[in-house]
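Presented below is the structure to which this report refers.
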Amino acid sequence: MKYLLEVSQPVFAFALAPLVVGCVRWLKARMQNRRGAPPWQPYFELVKLLGKEVVVSKQASWLFRFAPYIVFASTLAVAFLVPFLFVSNLFDSVGDLLAVVYLLLLGTFFLALAGLDPGTPFGGMGSSREVTVAAIAEPTIAVAIFSLALGAGSTNLGRIVTQTLGNPAGAISPGHLLAFTALFIVALAETGRLPVDNPATHLELTMIHEAMILEYSGRYLALIEWAAALKFMIFLTLLVNLFIPWGVATDLTPFTLGIAAIALVLKLGLLSLLIAVIETRVAKLRLFRVPELLGVSFVLALLAVTSSFLLR
């Protein structure tokens with residue numbers, strides 16, 4: 001039963017991820033006085049893509065076909081390490097904060113290579129931009145969560161959640177607030193949201209993520225899109241469960257797990273509403289301004305570490 005529950009966490013996240021993306025789209029449409037597609041529309045899109053034929057460029061190598069599986073598998077592996085519903089994860093001994101960061105970077109690396117592989121100008125442009133963003137964003141993730149690890153005495157995500165639950169006053173400390181802001185900015189950049197990227201447009205001169213996957217179709221595109229939705233949910237879960245962990249189950253009973261599922265859905269809903277508000281109120285930054293924004297997030301993460309170290 002313990003192993004079954006451990007597997008149920010990533011399966012729960014895997015199944016719920018497209019709905020979270022659909023909810024953000026639906027909320028944005030409502031705020032813009034549009035009817036919009038229903039929140040479950042991403043599921044229909046994924047089913048449609050899985051049933052379509054795969055078209056591959058003659059210039060593409062084996063890497064182009066291999067990359068979607070690596071991106072999907074690495075993101076799913078991260079889902080096994082993130083505490084979605086409960087802590088005391090059996091996989092805590094396998095990976096921690098550093099494993100999460102490098103697994104996310106692994107998917108980004110192969111997706112950037114896949115964008116270069118067909119030799120199209122837009123693919124190369126998107127890969128170059130993605131690597132530029134990742135070069136600043138990935139260290140910020142590690143530094144922001146490391147500020148929490150200082151208080152917990154461990155880089156294990158479950159241990160960080162347990163420490164925050166045991167010390168509620170620490171959740172409103174300056175270090176936590178700075179780390180939350182830094183990780184929130186990076187989450188927008190890593191998942192291709194405004195103001196770094198616009199997931200609702202396909203303008204070749206401005207897009208980043210979409211430029212890398214222009215040559216993909218069929219099941220390959222479905223795997224990449226589902227991995228992107230799962231990555232989006234992973235970042236939202238890190239934000240709500242590491243910094244606001246109330247509701248996360250510490251014992252595996254049906255009641256506590258039910259409360260944890262309800263609490264996670266409510267917290268994800270509130271954070272999705274915040275993202276929808278931001279994306280309807282801000283415009284996309286010019287490309288040369290994006291490193292400045294990410295630089296600010298990295299400085300905030302360093303300040304969070306400094307604050308956590310001084311207040312220990």
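When the residues of the range 196-209 are filtered to those that are open to solvent by less than 40 Å² (accessible area, probe 1.4 Å) and in contact with a helix residue (DSSP H, G or I) (Cβ under 7 Å, 6 or more places away or on another chain), which remaining residue is farthest from V143 (Cα to Cα)?
Going through the qualifying residues, I end up with M207.
Looking only at residues that are farther than 19 Å from L178 by Cα and free of Cβ contacts under 8 Å to residues at least 24 places away in the same chain in the range 286-296, which one is surrounded by the fewest Cβ atoms within 10 Å (Cβ to Cβ)?
Result: F288.
If A169 satisfies all but one of (1) in contact with a helix residue (DSSP H, G or I) (Cβ under 9 Å, 6 or more places away or on another chain); (2) not in a loop (DSSP other than H, G, I, E, B), what's the number of the condition it fails?
Going through the list (1) in contact with a helix residue (DSSP H, G or I) (Cβ under 9 Å, 6 or more places away or on another chain); (2) not in a loop (DSSP other than H, G, I, E, B), A169 breaks only (1).
So G126 clears everything in (1) in contact with a Gly (Cβ under 7 Å, 6 or more places away or on another chain); (2) of a type outside the set (S, T, N, Q); (3) open to solvent by 20 Å² or more (accessible area, probe 1.4 Å) except one condition, right? Which one?
(3) is the only condition that G126 fails.
Can you find a residue that is in contact with a Pro (Cβ under 7 Å, 6 or more places away or on another chain) and outside any helix (DSSP H, G or I) anywhere in the range 247-257?
Checked against the condition, which is being in contact with a Pro (Cβ under 7 Å, 6 or more places away or on another chain) and outside any helix (DSSP H, G or I), the range 247-257 yields at least one hit.
Here is a list: V186, V161, V131. Which entry is open to solvent by less than 10 Å² (accessible area, probe 1.4 Å) and under 30 Å from Y216 (Cα atoms)? Let's see the steps before the verdict.
Working: V161 fails: under 30 Å from Y216 (Cα atoms); V131 fails: open to solvent by less than 10 Å² (accessible area, probe 1.4 Å).
That would be V186, the only listed residue that is open to solvent by less than 10 Å² (accessible area, probe 1.4 Å) and under 30 Å from Y216 (Cα atoms).
When you check L90 against the structure, is it surrounded by fewer than 16 Cβ atoms within 10 Å (Cβ to Cβ), more than 26 Å from V7 (Cβ to Cβ) and not β-branched (V, I, T), yes or no? Working first, answer last.
Values: surrounded by fewer than 16 Cβ atoms within 10 Å (Cβ to Cβ): yes; more than 26 Å from V7 (Cβ to Cβ): no; not β-branched (V, I, T): yes.
For L90, the condition - surrounded by fewer than 16 Cβ atoms within 10 Å (Cβ to Cβ), more than 26 Å from V7 (Cβ to Cβ) and not β-branched (V, I, T) - is not met.
Taking G158 as the residue in question, decide whether it is of a type in the set (G, A, S), touching a strand residue (DSSP E or B) at 6+ places or on another chain (Cβ under 9 Å), more than 23 Å from V131 (Cβ to Cβ) and not in a loop (DSSP other than H, G, I, E, B). Write out each step before concluding.
Values: of a type in the set (G, A, S): yes; touching a strand residue (DSSP E or B) at 6+ places or on another chain (Cβ under 9 Å): yes; more than 23 Å from V131 (Cβ to Cβ): yes; not in a loop (DSSP other than H, G, I, E, B): yes.
Spelling it out, G158 is indeed of a type in the set (G, A, S), touching a strand residue (DSSP E or B) at 6+ places or on another chain (Cβ under 9 Å), more than 23 Å from V131 (Cβ to Cβ) and not in a loop (DSSP other than H, G, I, E, B).
Every residue in the range 31-48 that is within 17 Å of L19 (Cβ to Cβ), among the charged types (D, E, K, R) and exposed (fewer than 14 other Cβ atoms within 10 Å of the Cβ), please.
The one that is within 17 Å of L19 (Cβ to Cβ), among the charged types (D, E, K, R) and exposed (fewer than 14 other Cβ atoms within 10 Å of the Cβ): K48.
For A261, state whether it is in contact (Cβ under 8 Å) with a residue 24 or more places away in the chain and either on the phi > 0 side of the Ramachandran plot or open to solvent by less than 50 Å² (accessible area, probe 1.4 Å) (or both).
So A261 fits the description; yes.
Here's the yes/no breakdown for (1) closer than 23 Å to T108 by Cβ; (2) exposed (fewer than 14 other Cβ atoms within 10 Å of the Cβ); (3) modelled with pLDDT under 90:
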residue: E225; (1), (2), (3): yes, no, no
residue: N241; (1), (2), (3): yes, no, no
residue: L252; (1), (2), (3): no, no, yes
residue: T256; (1), (2), (3): no, no, no
residue: L266; (1), (2), (3): no, yes, no
residue: K284; (1), (2), (3): yes, no, yes
residue: F298; (1), (2), (3): yes, no, no
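Within the range 49-85, track down each residue that is under 19 Å from the mean Cα position of the chain (by Cα) and either aromatic (F, W, Y) or surrounded by fewer than 21 Cβ atoms within 10 Å (Cβ to Cβ) (or both).
Hits for the range 49-85 are Y69, I70, F72, A73, L76, A77, F80, F84.
Just to be sure before I move on: is T256 more than 19 Å from the chain's Cα centre (by Cα) and farther than 28 Å from G36 by Cα in the structure I sent?
Answer is yes for this residue.
Quick check on this structure: which one of R219, R193 is in a helix (DSSP H, G or I) and among the basic types (K, R)? Steps first, please.
On the way: R193 fails: in a helix (DSSP H, G or I).
Result: R219 is the single residue among R219, R193 that is in a helix (DSSP H, G or I) and among the basic types (K, R).
Here are some residues: S57, S74. Which one is in a loop (DSSP other than H, G, I, E, B), closer than 20 Å to H209 by Cβ and in contact with a helix residue (DSSP H, G or I) (Cβ under 9 Å, 6 or more places away or on another chain)? Before you say what the answer is, go through the steps one by one.
Numbers: S74 fails: in a loop (DSSP other than H, G, I, E, B).
When all the criteria are applied, what remains is S57.
What number of residues in the range 268-282 are without any contact (Cβ under 8 Å) to a residue 40 or more places away in the chain and open to solvent by 60 Å² or more (accessible area, probe 1.4 Å)?
So the answer is 3.
Determine if the range 214-223 includes at least one residue that is over 30 Å from A60 (Cβ atoms), open to solvent by less than 10 Å² (accessible area, probe 1.4 Å) and more than 18 Å from the chain's Cα centre (by Cα).
For the range 214-223, residues over 30 Å from A60 (Cβ atoms), open to solvent by less than 10 Å² (accessible area, probe 1.4 Å) and more than 18 Å from the chain's Cα centre (by Cα): absent.
Does the range 84-100 include one or more residues that are β-branched (V, I, T), over 28 Å from R286 (Cβ atoms) and not in a helix (DSSP H, G or I)?
Yes.
The values are calculated or read from the model by the stated rules, or taken from the named source; none is laboratory data. Small disclaimer: the values here were computed from a predicted structure and weren't measured. Here Cβ is always computed from backbone atoms with ideal geometry, including for glycine, and neighbour counts include all displayed protein chains. Side chains are part of the model used for accessible areas, which takes the heavy atoms of the whole protein and leaves out ligands, DNA and RNA. Shrake-Rupley method; radii C 1.70, N 1.55, O 1.52, S 1.80 Å.
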